[in-house]
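What follows draws every value from the coordinates through simple rules; no lab data is involved. Treat the numbers as computed from the prediction; the structure is a model and nothing was measured. Cβ coordinates were reconstructed from backbone atoms using ideal geometry, including for glycine residues, and neighbour counts include every protein chain displayed.
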Amino acid sequence: MQRSLHIVPELCTGCLQCEMACSYDNEGVFNPAKSRIKVFNFHDQGRFVPYTCTQCAEAWCMMACPVDAISVDAATGAKVVSDVLCVGCKVCTIACPFGTVNYNSTSGKVIKCDLCEGDPECAKACPTSAIQWVDANWTGLDRMRTWAAKTDAGTQATAH
Amino acid sequence: MRYVIVGAGPSGVIAAETLRKVDRSGDITLIGGEPGPPYSRMAIPYYLSGGIDESGTLIRKDADHYDALDIRYVHGLAESVAPADRRLTLEGGEAIAYDSLLVATGSSAVRPPVPGLDRPGVHTCWTMDDARAIHDLAREGADVVLIGAGFIGCIILEALVERRVNLTVVEVEDRMVPRMMNAAAGAMLKRWCEAKGVRVLTSTRVTAVEDSGNGGGPLRVSVDPGAPMRADLVVVATGVRSNMDFLDGSGVKTATGIVVDDRLATSVDGIYAAGDVAEGPDFSGGWMVHAIQPTSADHGRIAALNMAGRGARYQGSLIMNVLDTAGLVSASFGKWQGTDGGDFAEAADEAGYRYIRLAFDGDHLIGALCVGRTEHVGVLRGLIQSRVALGAWKARLQADPHRIMEAYLANTQA
């Protein structure tokens, strides 16, 4: 069964445990700036919205990579960056219309959510279940997917 | 079906792979203009800076990739096309019959008409061969003059700085990356480069490159205004031109590039064009040669679907660029110059080398430019290309243009 990250912003308190867990697990540092999930603060409304890669079917990042450094993990469906192959050209960071691929100037490579090989640290760290790890067929990801399809409609024409 | 693809850059390779996906039995020939397996020019600067070796530039890493897909990969340069006979002729005389032809021949570097640019020690930086030559000459401490501080020039600049050469950049326009940066952003880039020890001469023209006299020795580069300079290596990055001369007499309509419709078809039946050589529909309206990787990938895929009769329509890609100039990252999207009577949002932090400018048309973002920001920049594409109606967020962005991610989430997810 493939699973997805399901985010419920209404439950987020802005504690940033997810960002700490993500940056520590993936980059070895407690540094939100190196986290692949980010909590956005709508301070005028007192709301927090965690957001990260939805592993979208369009895979703009993967399609844009000039050196084949992004591939699909068959087990999780995650689009995963190979640190060995990535040259740091950053084209994927402008190609991703969700802004969820970022350049890490320390490593000279790009970073994005890889679903932690099927055991995402952010979901484990979240104390309020604002980030859930659920059956991919169930989630409210449709909202995100709708917007994925809207970007560049027509350039995504596929074979029928 | 006999599919023939001329040009083995990203567009040609993606077209060949897409054809194989939708046509299991079609005969696919991919013709590369340079020896060796298909590689990505975009990776050349990283080869020059030592981050990767030549194999790191390959578009597909598996040596058997093309054989495994039953794609015939051959080497050759196109000489002419006879559409009536559906025949492509290569230099050397070999004729290749096609039912459907894709022209993905890209572009070549051009040298401006300056005396001496044909001397040894003067190189363009476009092909793998160019890169090898520069790799040999750009040694630590060498005097290097880079002509052109456009997009390509600035990418090479990065690699040359990494190679610790003594670098001077000469740009005829009044700022760096004039087609991607406005005056404010261009000035910031120049200041950054100078702080990194690069000499940047804007509004300056190279007038001649001469031998210093003893043959094989250093070159002497004359500029106007300014004093002549010594150079062990001169790199020319003043622009590229579409490779389409071989289509002369074929009836294929060309302008800046090969003009294609929303199926990536040219004006001649059975001939398609894709990638840097194609002048295709632009997201912001009209036709344009983009010469960027994401557009090339889109072109290759959609052209292939149409070649195989799958009827895919193309609504035009968004022009966008990302550039790392000696560690200062900048990006531009769409119509960053804005539109007549349109609103803008701008924020500059000169000391922190951070700049952002958003261009609006009514309620929509139509373009953006940023320097020194690498977090979530892709969402600028999302905001523009999804045509997000910003509502109250337009005023918020005008107050703080860095809140692009919040604007996107508030309007699409939350």
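Over what distance in Å are the Cα centres of segment A:1-70 and segment B:317-392 separated?
What the calculation gives is 22 Å, centre to centre.
In whole Hz, with x marking every Gly and Pro, tabulate ³J(HN,Hα) for segment B:111-116 from phi via Karplus 6.51 cos²θ - 1.76 cosθ + 1.60, θ = phi - 60°.
Rounded to whole hertz, the list is 9, x, x, 10, x, x.
Looking only at other chains, what is the average number of their beta-carbon atoms within 10 angstrom of each beta-carbon in A:65-73?
Shielding by partners across A:65-73 averages 5.
Positive end of the dipole of segment A:3-150, charges at C-beta (+1 Lys, Arg; -1 Asp, Glu), about the Cα centre: which of A:Ala123, A:Asn41, A:Phe30 has its Cα farthest in that direction?
Value computed over the given set: A:Asn41.
Rounded if a/c is under 1.5, else prolate if a/b is larger than b/c, else oblate: which is chain B, with a ≥ b ≥ c the root eigenvalues of its Cα gyration tensor?
oblate
Under a Cβ-only charge scheme (Lys and Arg +1, Asp and Glu -1), can you give me the dipole magnitude of segment A:3-150 about the Cα centre, in debye to the nearest 20?
360 debye
Write down the percent of antiparallel bridges among all DSSP beta bridges whose residues are both part of segment B:122-236, to the nearest 5.
40 percent
Per residue of B:3-9, how many C-beta atoms from partner chains lie within 10 Å of its own C-beta, taken as a mean?
Counting other chains' Cβ atoms within 10 Å and averaging over B:3-9 gives 0.
Size of the dipole of the protein assembly as shown about the Cα centre, Lys and Arg at +1 and Asp and Glu at -1 on the beta carbon, nothing else charged, in debye to 20?
880 debye
Calculate, axis by axis, the spread of Cα positions in segment B:269-339 along the three principal axes, and write the results as whole Å, longest axis first.
Result for segment B:269-339: principal-axis Cα extents of 44, 29, 17 Å.
Per 10 Å bin from zero, what fraction in whole % of the C-alpha pairs of segment B:122-236 is there, up to the bin with the longest pair?
Result returned by the calculation: 14, 48, 33, 5, 0.
Please state the shape class of the protein assembly as shown: rounded when a/c is under 1.5, otherwise prolate if a/b exceeds b/c and oblate if not, all from the C-alpha gyration tensor.
Note, shape of the protein assembly as shown comes out oblate.
Would you list which aspartates and glutamates come within 17 Å of A:Lys34, measuring only between C-alpha atoms, while excluding same-chain residues fewer than 8 positions from it?
Answer for A:Lys34, where 17 Å is the Cα cut-off: A:Glu19, A:Asp25, A:Asp83, A:Asp114, A:Glu121, B:Glu375, listed by chain and number.
Only Cα pairs under 8 Å and at least 6 apart count here; give the relative contact order of segment A:3-150 as a rounded whole percent.
31 percent
Under the rule of -39500 (n - 2.57) per DSSP H run of 4 or more residues, summed and divided by the residues of chain B, what mean residue ellipticity at 222 nm is obtained, to the nearest 500 deg cm²/dmol?
The per-residue figure over chain B is -6500 deg cm²/dmol.
Report the one residue of A:Cys89, A:Cys61, A:Gly108 whose Cα lies farthest in the direction of the positive end of the charge dipole of segment A:33-109 (charges on C-beta: Lys and Arg +1, Asp and Glu -1; origin at the Cα centre).
A:Gly108
Please give the average number of partner chain Cβ atoms lying within 10 Å of the Cβ of each residue in B:318-324, rounded to a whole number.
What the average comes to for B:318-324 is 4.
Would you please give the residues with an amide H less than 5 Å from that of A:Gly88, counting only those at least 5 places away or on a separate chain, with H modeled from the backbone geometry?
The answer is A:Val110.
Where a ≥ b ≥ c are the square roots of the eigenvalues of the C-alpha gyration tensor, would you call segment B:327-412 rounded, which needs a/c under 1.5, or, failing that, prolate if a/b is larger than b/c, or oblate?
Verdict is prolate for segment B:327-412.
Would you mind computing the Rg to Rh ratio of segment A:3-150 from its alpha-carbon coordinates, Kirkwood style for Rh?
Checking Rg against Rh, the ratio lands at 0.94.
Per 10 Å bin from zero, what fraction in whole % of the C-alpha pairs of segment B:354-404 is there, up to the bin with the longest pair?
Per 10 Å bin, starting at 0, the Cα pair percentages come out as 26, 63, 11.
Go ahead and set up a Gaussian network model of chain B, Cα springs under 10 Å, then flag whichever of B:Ala104, B:Ala359, B:Ala82 fluctuates most.
B:Ala82
Show me B:141-147, A:128-134, B:240-246 ranked by packing, highest mean number of other Cβ atoms within 10 Å first.
B:141-147, B:240-246, A:128-134
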